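Each reported figure results from applying straightforward, stated rules to the coordinates on display, with no laboratory input. None of these values were measured; they are calculated from a predicted model. Cβ placement follows ideal geometry from the backbone for every residue including glycine, while neighbour counts extend to all protein chains displayed.
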Amino acid sequence: MPLLRFLPEASNIDFIGARYYAFAVDGLLLLISIISIATHGFNLGLDFTGGVSMEVKTAQTINIGQLRAEVGGLHFNDTEIQTVSGGACDRPANSCATIRVQPKEGQSEKDAETAVSTAIGPAYSILSRAYISGKVSQELFHAGVLATVLAIIGIALWVAFRFEWQYGISAAIATGHDVFVTAGLYSILHLDFTLTSIAALLTLAGYSINDTVVVFDRIRENRRKYKRMALTDLINLSTNQMLTRTILTSVATAISIIPLLIYGGPTLFDFTAAMLFGIVVGTFSSTYVAAALLIYLPKPAGQIETPAPATP
């Protein structure tokens, strides 16, 4: 038996009784996200705005801070620089870098490339270059949004097939909320919204539904075991039974992400910040919201709404 327990073996929290507070918190987050996205939109990165991408190499290990300072002094609308490894770039280590810039107003992609080449000097040789058109970038943005929406719909359909349609609707609302609120974080904090951000949202959707399905599965098991128990009591019982597992899983995931957030640098900061925020929001909604939504939907077959009267 463990010498130290962070959580009790059996909790008795009234999750259904606290659902209105949970709905208020989630509703507030949703409202803030909607207002921010409607008024400020997203700070779209180069993936969705177009620009110039260059892969450069030098004869020595790159000082990434100095390289960022040299290119940053050109004051492009957006700049992304990261080291590249593998193949010839490992001789010496970290001797290659990818430089992506969005040209300034009225500046062509060719002029932007020339300005970067001049700034970094002859010590760097250009291995490859690519011009990313704005039209293609906009299509990529729309495709990314569509992929996220279809993923949520697909998750809901799978849950509806695996359980019952009521569970699918609840899962769609909870998962969609988690993804949308996390997308709102990008807008509120003006984080760069790129293809990596789409990957973060899709990853979060999968993580969020995992916690939700675990609770749903325990509800289904308890429905077979306690056939005369009211749905509200059944949800409370099932959520309490899975609470330790949910919290420990979320904490373990967060612990693995926090070092990346602190030491991953600007390249990984936006991704890890969104993931960490999404884990917190997803855990909260999976615990307090997803199952609670079931009481507002038609009751599953064979489920009673109020406890059976006690027999003398």
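Taking the square roots of five times each eigenvalue of the Cα gyration tensor of the chain, the equivalent ellipsoid has semi-axes of 49, 21, 15 Å, listed largest first.
Please say if region 212-254 is rounded, prolate or oblate, where rounded means a/c under 1.5 for a ≥ b ≥ c the square roots of the C-alpha gyration tensor eigenvalues, and otherwise the choice is prolate for a/b larger than b/c and oblate otherwise? The shape class here is prolate. Spin-label model, residue 252 to residue 297: label points 7 Å out along the Cα-to-beta-carbon direction sit 2.8 nm apart.
Whole-Hz Karplus values for region 87-102 come out as x, 5, 6, 8, 10, x, 5, 6, 9, 10, 8, 9, 10, 10, 9, 9 Hz, taken residue by residue from phi with 6.51 cos²θ - 1.76 cosθ + 1.60 and θ = phi - 60°; glycine and proline positions read x.
Note on the chain: helix-only mean residue ellipticity at 222 nm, from DSSP H runs of 4+ residues weighted -39500 (n - 2.57) and normalised by residue number, equals -21000 deg cm²/dmol. If the segment from residue 105 to residue 60 were pulled out straight at 0.36 nm per residue, it would be longer than the present Cα-Cα gap by 12.8 nm. For the peptides 94-103, 189-198, the ranking by packing is 94-103, 189-198, with the highest mean count of neighbouring Cβ atoms within 10 Å listed first. Charging the Cβ of each Asp and Glu at -1 and of each Lys and Arg at +1, and nothing else, the dipole of the chain about its Cα centre rounds to 980 debye.
Between residue 138 and residue 31, the contour length at 0.36 nm per residue exceeds the alpha carbon distance by 35.9 nm. Estimated at 0.36 nm per residue, the fully extended path between residue 24 and residue 227 surpasses their Cα-Cα distance by 69.9 nm. For region 140-270, a/c is not less than 1.5, where a ≥ b ≥ c are the root eigenvalues of the C-alpha gyration tensor, and a/b does not top b/c. That puts it in the oblate class.
Only lysine pairs 8 or more places apart, or on different chains, with alpha-carbon atoms under 20 angstrom apart are counted in the chain, and they number 5.
Once the Cα atoms are used to define both axes, helix 19-39 deviates from the longest principal axis of the chain by about 30 degrees. Here the relative contact order of the chain, from alpha carbon pairs under 8 Å that lie six or more residues apart, stands at 24 percent. Using a Förster distance of 25 Å, how high is the FRET efficiency between residue 261 and residue 190, based on the Cβ-Cβ distance and rounded to 0.05? Once the sixth-power term is evaluated, E becomes 0.90.
Between 0 and 90 degrees, rounded to the nearest ten: what's the tilt of helix 265-288 against the longest Cα principal axis of the chain? Helix 265-288 sits roughly 10 degrees off the main axis of the chain.
About its Cα centre, region 74-158 has a charge dipole of approximately 140 debye under the convention of +1 per Lys or Arg Cβ and -1 per Asp or Glu Cβ, with nothing else charged.
Of the residues 186, 154, 144, the one whose Cα sits farthest towards the positive end of the charge dipole of region 119-239 is 154 (charges of +1 on Lys and Arg Cβ, -1 on Asp and Glu Cβ, taken about the Cα centre). Please work out whether region 51-132 counts as rounded, prolate or oblate from its C-alpha gyration tensor, where a ≥ b ≥ c are the square roots of the eigenvalues and a/c under 1.5 means rounded, while otherwise a/b larger than b/c means prolate and anything else oblate? Prolate is the answer for region 51-132, as a/c is 1.5 or above and a/b outweighs b/c. Only the Cβ atoms of Lys and Arg (+1) and of Asp and Glu (-1) were treated as charged; on that basis the dipole of region 141-266 about its Cα centre amounts to roughly 660 debye.
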